[in-house]
Each structure stands twice: as C-alpha cells, then as structure tokens.
1. Could you check which residue among Ser90, Ser31, Ser102 shows the biggest mean-square fluctuation in a GNM of the chain with a 10 Å Cα cutoff?
2. Could you look at the chain and say what percent of its accessible area is carbon and sulfur, using a 1.4 Å probe and all protein chains?
3. Would you report the distance distribution of C-alpha pairs in the chain as whole percents per 5 angstrom bin, up to the bin with the largest distance?
4. Just Ser70, Ser16, Ser28 to compare: in a GNM of the chain, with alpha carbon springs under 10 Å, which one fluctuates most?
5. Tabulate in residue order the Karplus-calculated ³J(HN,Hα) for the range 60-65, using 6.51 cos²θ - 1.76 cosθ + 1.60 with θ = phi - 60°, rounded to whole Hz; enter x for Gly and Pro.
6. Would you list Arg71, Arg44, Arg30, Arg18 from the most to the least accessible area, probe 1.4 Å?
7. Sequence-distant or interchain residues sharing an amide H contact under 5 Å with Gly9, placed H: which?
8. So how much slack lies between Ser31 and Ser102, counting 0.36 nm per residue of separation and subtracting their Cα-Cα distance, in nm?
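The values are calculated or read from the model by the stated rules, or taken from the named source; none is laboratory data. All values reported here derive from a predicted model rather than from experimental measurement. Reconstructed Cβ throughout: ideal geometry from the backbone, glycine too, with neighbour counts over all protein chains shown. Ligands, DNA and RNA are excluded from the accessible area calculation, which covers all protein heavy atoms including side chains. Shrake-Rupley method; radii C 1.70, N 1.55, O 1.52, S 1.80 Å.
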Amino acid sequence: VQLQASGGGLVQAGGSLRLSCAASGRTSSRSGMGWFRQAPGKEREFVAVERWSGGTTYYADSVKGRFTISRDNAKNTVYLQMNSLKPEDSAVYYCAAARTVSLKMNYWGQGTQVTVSS
C-alpha cells in the first residue's frame, strides 16, 4: 500500500485545513487508516483513525470536536478536516494504514506540513 498525503499549509489560528491521503496498491488489505503528527522536538502522536469495517472513528482528546476523519471509498482517499486550528496543532502530519483490526499501522505516507500562526 502506498500513501500520498497532501493539503498542508500555513493558516491563521481559528482557521481550517483539509488534509487528503490517497492510497494505492493493495488497498483491500487495509483494516483502517489514520492520521498522526509530529511537532519539532516531540514524538509522533496519534490524531485520528477510522476502522474500515463499520466506520468507527477514534480521536485524540486534543482534537476531539475540531477534527473529523472521513473517507471516500471510490477514490481510496482518507481526509482529515481540521477546524478551529490552534498554534499547537502545528506539526508534520502523516497518514497511515493498518492491515489488522488492532489498528497497528503498517504503512506510512510522507508527511505534510501544517503551520498555524497565532
């Protein structure tokens, strides 16, 4: 599975961005897809994930109510709609895919930079 993330950029605090992650290859082997982020000097952290079967979604507490993960099956694409952005949301955002129901991520895309100015 190959993942291509896009949609990052510079936005003012309170603004919105939508990230996209297009999947190709053996996409039928996915059990879920999600987003992670890594800020400078910090470890990579979980943001959101969606199970392919049933569509259950999970979010980090820090983004609940502001971010929404969704997918377009026809386009093999996962989105992360980010609203009410805060400077602390600035990071490189990575999309990832899991092969098993444990949602342990097996495939990673390249990152896309999100910068939120105050």
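1. Ser102
2. Whole-percent figure for carbon plus sulfur exposure: 47.
3. Spelled out bin by bin, the chain gives 2, 13, 24, 26, 19, 10, 5, 1, 0 percent.
4. Among Ser70, Ser16, Ser28, the largest GNM mean-square fluctuation belongs to Ser28.
5. 5, 4, 5, 10, 4, x
6. Arg18, Arg44, Arg71, Arg30
7. Val114, Thr115
8. My answer for the length gained is 24.7 nm.
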